[in-house]
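Take a look at the structure below.
Just so you know, all these numbers are worked out from the coordinates, no wet-lab data involved. Not measured: the values here are computed from a predicted model. So basically every Cβ, Gly included, is an ideal-geometry build from the backbone, and we count neighbours across all protein chains shown.
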């Protein structure tokens, strides 16, 4: 399975906001700079995430972006589907010309179900915790 760059950038922006949950809104410009994401591209993803109810954004001097809900209440599946759409288009009830096509489509559906379950079970806060663990491990490394 392959996710687009917009999904990676959008998820990284959500993680950035989650790691600063409870703080005032942050400008998209700051998120883009800190995460190395093109600002205009990030703004598009923020707009999509806002429409999906994941992010709240407001223009103006006291504006900025922040999560619309607690990071523990946002699943990775919610973010991915907001940015990509459904993981797999439904093929239920569609006739297939060959048994091989039916078998392949069945397999894709099963895989999408498993991936969807995993993404639905993973919350943004879990990714932030893992991110902090990786950062701490990296800080304790030394080189000779």
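Taking the Cα-to-Cβ direction at residue 8 and at residue 33 and moving 7 Å from each Cα, how far apart do the two end points lie in nm?
With each label placed 7 Å out from Cα toward Cβ, I get 2.3 nm.
By the gyration tensor of its Cα atoms, with a ≥ b ≥ c the square roots of the eigenvalues, what is the shape of segment 37-79: rounded for a/c under 1.5, prolate for a/b over b/c, or oblate?
Because a/c hits 1.5 or more and a/b fails to exceed b/c, segment 37-79 counts as oblate.
Taking the Cα atoms only, what angle lies between the long axis of helix 5-18 and the longest principal axis of the chain, rounded to 10 degrees?
Its long axis makes an angle of about 50 degrees.
Over the Cα atoms of segment 5-139, Rg to Rh with Kirkwood Rh, two decimal places?
We get a ratio of 1.08 for segment 5-139.
Percent relative contact order of segment 10-77, based on C-alpha pairs within less than 8 angstrom and at least six residues apart?
Here the relative contact order equals 38 percent.
Measure nothing fancy, just the Cα-based angle from helix 39-51's long axis to the longest principal axis of the chain, in degrees from 0 to 90, nearest 10.
Once rounded, the angle reads 70 degrees.
Rounded to whole Å, give me the distance from the Cα center of segment 44-83 to that of segment 100-134.
Using only Cα atoms, the two centres lie 21 Å from each other.
Using only alpha carbon pairs under 8 Å that are at least six residues apart, calculate the relative contact order of segment 5-139 and give it in whole percent.
Once divided by the residue count of segment 5-139, the mean separation gives 28 percent.
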